[in-house]
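A short write-up of the structure that comes next.
The values are calculated or read from the model by the stated rules, or taken from the named source; none is laboratory data. All values reported here derive from a predicted model rather than from experimental measurement. Backbone-built Cβ (ideal geometry, glycine too); neighbour counts: all protein chains shown. For accessibility, only protein heavy atoms count, side chains too; no ligands or nucleic acids. Shrake-Rupley method; radii C 1.70, N 1.55, O 1.52, S 1.80 Å.
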Amino acid sequence: MIAGKRLARKLASLAFDRMGFDIELIDVRRVCDYTNYFLFVSGKNRVHLDALKEHLLDGAKEAGTKAHGLDGAAASGWIIMDFGDLIVHIFTPDAKNYYDLMSIWGDGKPVEMDPATPPVKPKTSSKKRK
């Protein structure tokens, strides 16, 4: 079983594999008493959010970890997955802007991720990514 930062990095990489974007990991240990890390991932639409959720749950299961809780729905634009010391937020861009969690948790420390998982928006070209 992996936890915390290692799990967050694994899930960030899996989200990137499924075309997740605006991927951010922050360390909130000094500003939050119920978890250590937040992973923020954006998806294009409701279908994409569901696909990201399922892929991340499967990846966590393969790593020997399962979510303690799951809340929200793709229809709302926001899904929350609780892994104990890691909380994953999957948003549509509109929901991410509306709830603006980074303004609440901005005192957290950004965590560097694998360069293969850049926190960038997807390109709008019609070319498929390998």
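Applying the selection to the range 91-109, what residues are more than 16 Å from THR35 (Cβ to Cβ) and either in contact (Cβ under 8 Å) with a residue 40 or more places away in the chain or open to solvent by 60 Å² or more (accessible area, probe 1.4 Å) (or both)?
PHE91, THR92, PRO93, ASP94, LYS96, ASN97, TYR98, TYR99, ASP100, SER103
Taking the residues in the range 28-51 that are of a type outside the set (Gly, Ala, Ser) and in a helix (DSSP H, G or I) as candidates, determine which candidate is least open to solvent (accessible area, probe 1.4 Å).
This residue is LEU49.
Does GLU54 count as at pLDDT 90 or above, closer than 20 Å to GLY4 by Cα, buried (at least 17 other Cβ atoms within 10 Å of the Cβ) and acidic (Asp, Glu)?
When the stated conditions are applied, GLU54 does not pass them.
Give the range 9-64 a look and list any residue that's touching a Lys or Arg at 6+ places or on another chain (Cβ under 7 Å) and among the polar types (S, T, N, Q), or say none.
Result: ASN36, SER42.
For the range 61-88, enumerate the residues that are over 17 Å from ILE23 (Cα atoms), of a type outside the set (Asp, Glu) and free of Cβ contacts under 8 Å to residues at least 60 places away in the same chain.
Passing the criteria: LYS61, LYS66, ALA67, HIS68, GLY69, LEU70, GLY72, ALA73, ALA74, ALA75, SER76.
Those residues that are surrounded by 23 or more Cβ atoms within 10 Å (Cβ to Cβ) and over 10 Å from the mean Cα position of the chain (by Cα), I need them from the range 1-27; list them, please.
Listed by number, the list holds a single entry, LEU7.
Among the residues in the range 100-109, are any small (Gly, Ala, Ser) and modelled with pLDDT of 95 or more?
Scanning the range 100-109 turns up no residue that is small (Gly, Ala, Ser) and modelled with pLDDT of 95 or more.
For the range 74-90, what are the residues that are outside any loop (DSSP other than H, G, I, E, B), open to solvent by less than 50 Å² (accessible area, probe 1.4 Å) and of a type in the set (Gly, Ala, Ser)?
Correct list: ALA74 only.
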